[in-house]
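Undergrad: Submitted below is the structure of interest, expressed as structure tokens.
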Amino acid sequence: MRISNINTYYEYPGDSSFAQRCAEYRDLTLASPADGPFTELIRLIEARMPDRNLLLDAAQGVEDRIDGSGLLLHGIIAVLGRFPEPADAGRDLIDVEVRERLRDSVLGFRYWPDEPGGDTLCSWIESSQIAFAAAAYLAGQLFPEDRFGNTGRTGREQMNRFRPRVERWLDLRFRTGFSEWLSGQPYDESLAALLNLIEFAHDPKLVRAATMVADTVLLDVVLNHFRGVFGCTHGRTVDCRPGPGAYERMGSTIRLVAGTNRYRVGDPGASLLSVSTRYKVPAVLAAIAADAERPEVENRQRMGIRVDEADQWGLGFRSLEDGIVFLGLGACLHERTVGLTLRVLDEYRLWDHPFFAPLRRRRALIALARGLGLLRPLVRRLEKRLTSTAREEVNAYTYRTPDYMLSCAQDYRSGYGADAQHLWQATLGPDAKVFLAPPGGRDERFEVLGDAEAILPRAVQYKNVVICHVRGEPSVWFAGAAFDEIEDVPGWLCARRGSGYLALWAQRPWQQQAGDGWEPGHITVPGASAILICVCGREVTHGSFESFVRAMAGAPVEVSGRGSRERVEIDLAPHGRISLGRRGPLTVGGWQMPITSHVHGSPYPAVEGYRRYDNPYVGAEFPANAVRIRCADEMLALNWRDQSRSASSFL
């Protein structure tokens, strides 16, 4: 096999099978420089000598409790789980010192905020919760009679302690999805934890539940990718600076499952997937990914929960365990959770954690308001500012054609504080992407109050059109060099890649952004607020690029009203007049259209909130107790209530 040919970027699936791609990924790993415990796991599986220094570095990182410790733990657990100490030490590829350090790092770690000691890890984040809880459970299983130095619990006691946390996380994710919706790094971290549970957990019920949630993670990805790019709205964008699709965190996993994108050595989820012996990828997921020539796919997904509906999910406002769940949603300063949050900070000694620094600086004021019974009224009054990190229920819409994909978090918390939510994106190719820079995503701080200046815009999509009312100066990534043609006509910036087209309109002239360390291609609209319109098209429906540009240049755009009454209207074929204000309904062709509701019957009544999944391949209610997926001749049926999983075939 020629390694130099393995890592070509694929926009369309090739002829290779899943097994062949897994072998390619392992071969590429062996031929590449060592890069952490996941590359060394693959070397060990291929009977190669691992880099002992990298394994020692991983153990040191866990001992130091550095950022990323959750993934390091899963790399170490995978190594120890796949390669237990042999009876003949002379046959061990892991030397005695390294094995001892790996074991000690696992036994000495602080896995949960309620355990003794302190660190700067945000172990309550949704994806980190499963990473740490699953690691703690599996570590207890690996060393059932050993004592965990941080708590004094035995391994069996550790398993009993963490199993309910793992089960609750799995239950919420299957039924309601991720509050960190469709996000690369959180999905990769979660997938790694799930794959280790599947591979190593002895309890078949836990394995089955983890398997079904892993199926939904991969389903989310294949439903919302375009030519290998996970180019949809994201609940949390860790790094909002754009990079090529090849370097998105889920890129390697997409390459393995869908045959598109390219590999990146050392990715946790892809590394574990490429060597998994117990997780079988349902063939229907690859069939969906390969259905790229369907003229039109509309995918609606509802994910996350609302704090005000906490009781529906078995959550209350007194239990410290529930407090950690709310922290995972980012909803720690909601009117109904703030009292519980303060108890968590008190009981778990988290006041000195960097994430809560803004609260620590106001601790005396908080105590005074608490004592006077004014805390909840104060929080209620400042709700939009204080809940910037909250990721409550979202209705995500993705519209895909063979030539472009457009995706948006529909009307998501407009006017609330922002915390790197990636609300909409247009994707025409691996690098040909246009999106509104995530509000709050450029702030280096990661704190409970987020970026004080960042406000979520109102973004709404109707098929191939996104209208966005922005508060503050909008910054848009426009990857000009990635397009084949660019035309700047009055009011519009138009671009073509292949047979896909895109047009951007702004309320005032665009301005190239420079001098702030961002990659060339960021454009802004100076001013305290602005309206943006993004329209996608393709040759099949809009004719030549010249025709598309003429049509956009001739499309009348009218802005009326001021402040909260401001409204924009555009006349676009074939939809007619599309109108959206900073408040109020979306109208298309004179008809009021439901934005975040789905319709039973014709034409109404509409039920608020999308279904869990609603697209040509799968329809599932919210919350989901069953998910049935079908594409071509392949199917997958998941029933959460009876924990059953059946598929027509596997890759």
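Undergrad: Using Cα positions and a limit of under 14 Å, work out the aspartates and glutamates in reach of Lys384, with same-chain residues fewer than 8 apart set aside.
TA: Those aspartates and glutamates meeting the cut-off are Glu335, Glu392, Asp419, Asp451, Glu453.
Undergrad: What FRET efficiency comes out for the pair Glu157/Arg294, r = Cβ-Cβ distance, R0 = 45 Å, nearest 0.05?
TA: Approximately 0.30, to the nearest 0.05.
Undergrad: To continue, here is another question. Which value, in Å², gives the accessible area per residue of the chain when a 1.4 Å probe is used on the protein heavy atoms?
TA: Counting only protein heavy atoms, the per-residue value for the chain is 38 Å².
Undergrad: Decide, for region 292-390, between rounded, prolate and oblate: order the square roots of the alpha carbon gyration tensor eigenvalues as a ≥ b ≥ c, take rounded if a/c falls under 1.5, and otherwise choose prolate if a/b is larger than b/c, else oblate.
TA: It comes out prolate by the Cα gyration axes.
Undergrad: Report the convex hull volume per residue for region 4-71, counting only C-alpha atoms, in Å³.
TA: Taking only Cα atoms, region 4-71 has a hull volume of 117 Å³ per residue.
Undergrad: Let me ask you something else. What is the spin-label model distance, in nm, from Leu651 to Asp114 if the labels are put 7 Å beyond Cα along the C-beta direction?
TA: Result: 3.8 nm between the two label points.
Undergrad: Normalising by the residue count of region 550-651, find the relative contact order in percent from Cα pairs under 8 Å and 6+ residues apart.
TA: Once divided by the residue count of region 550-651, the mean separation gives 10 percent.
Undergrad: What number, in percent, do you get for the relative contact order of region 1-157 if the mean sequence gap of Cα pairs under 8 Å and at least 6 apart is divided by its residue count?
TA: The value is 18 percent.
Undergrad: Additional query: Per-residue accessible area for Val275 at 1.4 Å probe radius, Å² rounded to 10?
TA: 10 Å²
Undergrad: Could you tell me the accessible area of His202 in Å² (1.4 Å probe, neighbours in place), rounded to the nearest ten?
TA: His202 exposes around 140 Å² with every protein chain in place.
Undergrad: Roughly how many whole Å is it from the C-alpha centroid of region 463-483 to that of region 94-170?
TA: Between the Cα centre of region 463-483 and that of region 94-170, the gap is 43 Å.
Undergrad: Carbon and sulfur: what percent of region 76-214's accessible surface (1.4 Å probe)?
TA: 48 percent
Undergrad: What does the highest-first list of 494-501, 9-16 look like by mean Cβ count within 10 Å?
TA: 494-501, 9-16
Undergrad: Using mean Cβ contacts within 10 Å as the protection proxy, how do 406-412, 192-198, 17-23 order, highest first?
TA: In decreasing order of mean packing, 406-412, 192-198, 17-23 become 192-198, 406-412, 17-23.
Undergrad: How large are Rg and Dmax for region 46-155 when only the alpha carbon atoms are used, in Å?
TA: 13.8, 42
Undergrad: Could you work out the relative contact order of the chain? I mean the mean sequence separation of Cα pairs under 8 Å and 6+ apart, divided by the number of residues, in percent.
TA: 12 percent
Undergrad: To make sure I understand the rule: partners must be lysines, Cα under 23 Å from the Cα of Lys433, and not fewer than 8 residues away in the same chain. Which ones qualify?
TA: Cross-link targets: Lys463.
Undergrad: Enumerate the whole-percent occupancy of each 10 Å bin, from 0 to the last occupied one, for all C-alpha pair distances of the chain.
TA: Distribution as computed: 3, 16, 26, 27, 19, 8, 2, 0, 0 percent.
Undergrad: Which value results for Rg/Rh of region 112-190 when Rg is the Cα radius of gyration and Rh the Kirkwood radius based on the inverse mean 1/r?
TA: So for region 112-190, dividing Rg by the Kirkwood Rh gives 1.00.
Undergrad: Is there a quick way to get the dipole size of the chain? I mean about its Cα centre, with the Cβ of Lys and Arg at +1 and of Asp and Glu at -1; what is the value in debye to the nearest 20?
TA: 1620 debye
Undergrad: Additional query: Lysines within cross-link reach of Lys280: Cα-Cα under 26 Å, excluding same-chain residues under 8 positions apart?
TA: Qualifying lysines at Cα under 26 Å: Lys205.
Undergrad: Rounded to the nearest 500, what is the 222 nm mean residue ellipticity of the chain from helices alone, with -39500 (n - 2.57) per DSSP H run of 4+ residues and division by all residues?
TA: -10500 deg cm²/dmol
Undergrad: If you don't mind, another one. For Lys280, Lys433, what's the largest-to-smallest order of accessible area, 1.4 Å probe?
TA: Heavy-atom accessible area, descending, gives Lys280, Lys433.
The values are calculated or read from the model by the stated rules, or taken from the named source; none is laboratory data. Since the structure is predicted, the reported quantities are computational estimates derived from the model, not experimental observations. Ideal geometry is used to build each Cβ from the backbone, glycine not excepted, and the neighbour counts take in all protein chains shown. These accessible areas exclude ligands, DNA and RNA; they are computed on the full protein's heavy atoms, side chains included. Shrake-Rupley method; radii C 1.70, N 1.55, O 1.52, S 1.80 Å.
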